[in-house]
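Here the structure is laid out as structure tokens; the discussion comes afterwards.
The values are calculated or read from the model by the stated rules, or taken from the named source; none is laboratory data. Quantities reported herein were computed from a predicted structural model and do not represent experimental measurements. Heads up, the Cβs are rebuilt from the backbone with ideal geometry, glycines too, and the neighbour counts pull from every protein chain shown.
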Amino acid sequence: MNYDTALSYSSQWLDIIKQENFPDETQAKWIIEESKNNFAEHFNRGWLEYRKSVTEAGDWASVEWSGKGSMFTDVMGRKYIDWLGGFGALDLGWCHPDVVDAVIAQVKRSPMPSQELIDPLRGVLGKLMADITPGDLKYSWFAASGTEAIEAAIKIAKLYTGKSAFIVAVKAFHGKTMGSLSMMGKADFRQPMGLLYGGNVYHVPFGDAGAVEQQLEICDNVGIDVAGVLFEPIQGEAGAIVPPDDFWPRVRTATRKYGVLLIADEVQTGLGRTGRLWGVDHWDVAPDILATAKSLGGGVMPISAVTTTEEIFKPMMYPNPFMHTTTTGGNALACSAAIATINVILRDRLWEAASTKGAYLKEKVDDLAQEFPQVYKEVTGKGLLIGQHFHTPELGYKVAAELFKRGVVVAGTLNSAQTVRIEPPLIISQEEIDEGLNRLADAVGVVAKMM
Ligand code: PLP
């Protein structure tokens, strides 16, 4: 415990936060040392070693400093093309001016609600979500992270149906708090935790509509009550896995048949990423509950939402309207960012940009995969959610590392180390796409020679 040290260290960093000039070399080196030490001693030493591309490139001490559009700069002044897009949190790129302006205006007036009066922006965002989501989804509940939105979806489904089982997908990723983790489709993060959600959770292969139908039928026959079926429209962390076209429509029909709620986790696919505003729009399916997060705050503020119909939301309003709450969820600052984000996405029709740019990018990466079949297994995805699947995790690391050396940032996925996603901001320019592709071709060529 040392209050004096904490006081002077925080003052020192406040000066750095507020400084307008770019750090000179001496200051930059000091910042790198401090960042390294602080991560190693007080945050998570493993992170320093685990960041794949950066570690393999031998430059794991890179410290980011500022960003604009699809480019960011590290503290030494090196520039990177962002092909990672914060794992889907930066659809609008770094520091989108319209979102930043809205947030600055709001922060000066009232960033947090009183908690007693009615705060206008929460209602505005609820209305906007009703306007832009499919079907008759109408009521929203807000938090900060994707996993909180999934937790809320689980609770809402249980509350409404009075049932407790869920059907989810192998390799699914829905977040890491206990409820969401229970719905995850990979052992790595589940197994060390032992007993998870108390109700039944059944995992079926993603994209296999027959397996979902069969599981629903079995549960019905043996008297296990299913509250919801939860899927990502296109699996993100698993490596941009697109299901067959019959999957979502058949799952919609089957869930209706058995009176089970259909929950779409649009945390990564939502808001234009895959070339439609929502992932489920590719198949014209309206889910009963839809979870949004990541880019909802425009890459400026964390905010997540779960949106559902009036009928399903009723038990969240009566008899106890505080059935599920969080103090800072839907705060005015986060809502101002989300309102600006929705405005920009609709105004600039960013899903169309994702569709066109994604088709171009995927075709070029496909060409590269055909040229280097010894490196690539396949390329998957839709819009600007593209998965490069390599034959081995080592090959994936190496390609990511060579790309990093050439100033393009990507990352391996958490659930599939063999897969490296390309997920740039939707506002990425044609030049940045082409420049990234040149560097990718270079990187893959070098890795192929190493084999
Ligand atoms: N759902 C999906 C589909 C995700 O991709 C993620 C995160 O990657 C989450 C939920 C969890 O979101 P968060 O990390 O904000 O808790």
When both residues are 6+ apart or on different chains and their Cβ atoms are under 7 Å apart, which pairs have a first residue that lies in region 262-286 and is more than 16 Å from Gly85 (Cβ to Cβ), and a second that is away from the ligand (no atom under 13 Å from the Cβ) and of a type in the set (Gly, Ala, Ser)?
Ile263/Ala157; Ile263/Gly228; Ala286/Gly135
Inside region 282-293, can you point out the residues that are more than 16 Å from the ligand (Cβ to nearest atom) and outside any loop (DSSP other than H, G, I, E, B)?
Trp283
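Output yes when any residue across region 420-428 is surrounded by 23 or more Cβ atoms within 10 Å (Cβ to Cβ), modelled with pLDDT under 95, touching a Lys or Arg at 6+ places or on another chain (Cβ under 9 Å) and of a type outside the set (Lys, Arg), and no when none is. Even if it seems obvious, please write down each step before you answer.
Applying the first criterion (surrounded by 23 or more Cβ atoms within 10 Å (Cβ to Cβ)) to region 420-428 yields 420-426, 428.
Subset that is modelled with pLDDT under 95: 420-421.
Filter once more, so that each one left must be touching a Lys or Arg at 6+ places or on another chain (Cβ under 9 Å): 420.
Next, only the ones that are of a type outside the set (Lys, Arg) stay: 420.
For region 420-428, residues surrounded by 23 or more Cβ atoms within 10 Å (Cβ to Cβ), modelled with pLDDT under 95, touching a Lys or Arg at 6+ places or on another chain (Cβ under 9 Å) and of a type outside the set (Lys, Arg): present.
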Go over the candidates Gln418, Gln430, Gln370, Gln388 one by one and state the one that is on the phi < 0 side of the Ramachandran plot and in contact with a His (Cβ under 9 Å, 6 or more places away or on another chain).
Gln418
Output for region 136-190, where each listed residue is assigned to a loop (DSSP other than H, G, I, E, B), charged (D, E, K, R) and away from the ligand (no atom under 12 Å from the Cβ)
Asp136, Lys138, Lys163, Lys186
Please go through region 382-396 and give me each residue that is of a type in the set (A, V, I, L, M) and within 21 Å of Gln268 (Cβ to Cβ), ordered by number.
Leu384, Leu385, Ile386
(1) modelled with pLDDT under 95; (2) polar (S, T, N, Q); (3) surrounded by fewer than 16 Cβ atoms within 10 Å (Cβ to Cβ): which one isn't true of Thr55, the others all being true?
(3)
Picking from Leu230, Leu296, the residue that is assigned to a strand (DSSP E or B) and within 12 Å of the ligand (Cβ to nearest atom) would be Leu230
For region 77-93, does any single residue satisfy the condition of being assigned to a helix (DSSP H, G or I) and either in contact with a Phe, Trp or Tyr (Cβ under 7 Å, 6 or more places away or on another chain) or surrounded by 20 or more Cβ atoms within 10 Å (Cβ to Cβ) (or both)?
yes
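Do you know which of the residues in region 96-111 that are surrounded by fewer than 19 Cβ atoms within 10 Å (Cβ to Cβ) and outside any helix (DSSP H, G or I) is farthest from the chain's Cα centre (by Cα)?
Just the residues of region 96-111 that are surrounded by fewer than 19 Cβ atoms within 10 Å (Cβ to Cβ), to begin with: 97-98, 100-101, 104-105, 107-111.
From what's left, outside any helix (DSSP H, G or I): 110-111.
Details: Ser110: 28, Pro111: 24 Å.
Residue satisfying both the conditions and the ranking: Ser110.
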If Ala254 passes every condition in (1) among the aliphatic types (A, V, I, L, M); (2) within 16 Å of the ligand (Cβ to nearest atom); (3) out of contact with any Lys or Arg (no Cβ under 7 Å at 6 or more places or on another chain) but one, which one does it miss?
(2)
Would you mind stating whether Lys127 is more than 16 Å from the ligand (Cβ to nearest atom), over 21 Å from the mean Cα position of the chain (by Cα), surrounded by fewer than 19 Cβ atoms within 10 Å (Cβ to Cβ) and more than 26 Å from Glu311 (Cα to Cα)?
no
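Select from region 278-300 the residues that are among the hydrophobic types (A, V, I, L, M, F, W, C) and crowded, with 24+ Cβ neighbours inside 10 Å and write down the one among them that is nearest to Val107 (Cα to Cα).
Ranking the candidates gives Val300 first.
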Considering each residue of region 264-280, count those that are away from the ligand (no atom under 11 Å from the Cβ) and within 20 Å of Gly228 (Cα to Cα), and give that number.
2
One residue from Val99, Val103 being aliphatic (A, V, I, L, M), more than 20 Å from Ser429 (Cβ to Cβ) and touching a residue at least 40 places away in the same chain (Cβ under 8 Å)
Val103
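To keep it simple, each residue is scored yes or no on (1) over 29 Å from Gly175 (Cα atoms); (2) surrounded by 16 or more Cβ atoms within 10 Å (Cβ to Cβ); (3) within 16 Å of the ligand (Cβ to nearest atom).
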site	(1), (2), (3)
Leu346	no, no, no
Trp351	no, yes, no
Ala369	yes, yes, no
Leu384	no, yes, yes
Thr392	no, no, no
Leu395	no, yes, no
Leu403	no, yes, no
Ala411	no, yes, yes
Val444	yes, yes, no
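On the given criteria, is Ala40 closer than 20 Å to Phe404 by Cα, at pLDDT below 95 and not polar (S, T, N, Q)? I'd like the intermediate steps shown before the answer.
Details: closer than 20 Å to Phe404 by Cα: no; at pLDDT below 95: yes; not polar (S, T, N, Q): yes.
Here the answer is no, as Ala40 does not meet what is asked.
Okay, residues lined up against (1) part of a loop (DSSP other than H, G, I, E, B); (2) within 26 Å of Ile386 (Cα to Cα); (3) in the same structural domain as Glu432 (by TED's automatic domain parsing):
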| residue | (1), (2), (3) |
| --- | --- |
| Val300 | yes, yes, no |
| Val306 | no, yes, no |
| Lys314 | no, no, no |
| Thr325 | yes, no, no |
| Ser336 | no, no, no |
| Ile339 | no, no, no |
| Ile342 | no, yes, no |
| Ala359 | no, yes, yes |
| Asp366 | no, yes, yes |
Can you tell me which condition Ser114 does not meet? The list is (1) without any contact (Cβ under 8 Å) to a residue 60 or more places away in the chain; (2) under 19 Å from the mean Cα position of the chain (by Cα), and all the others hold.
(2)
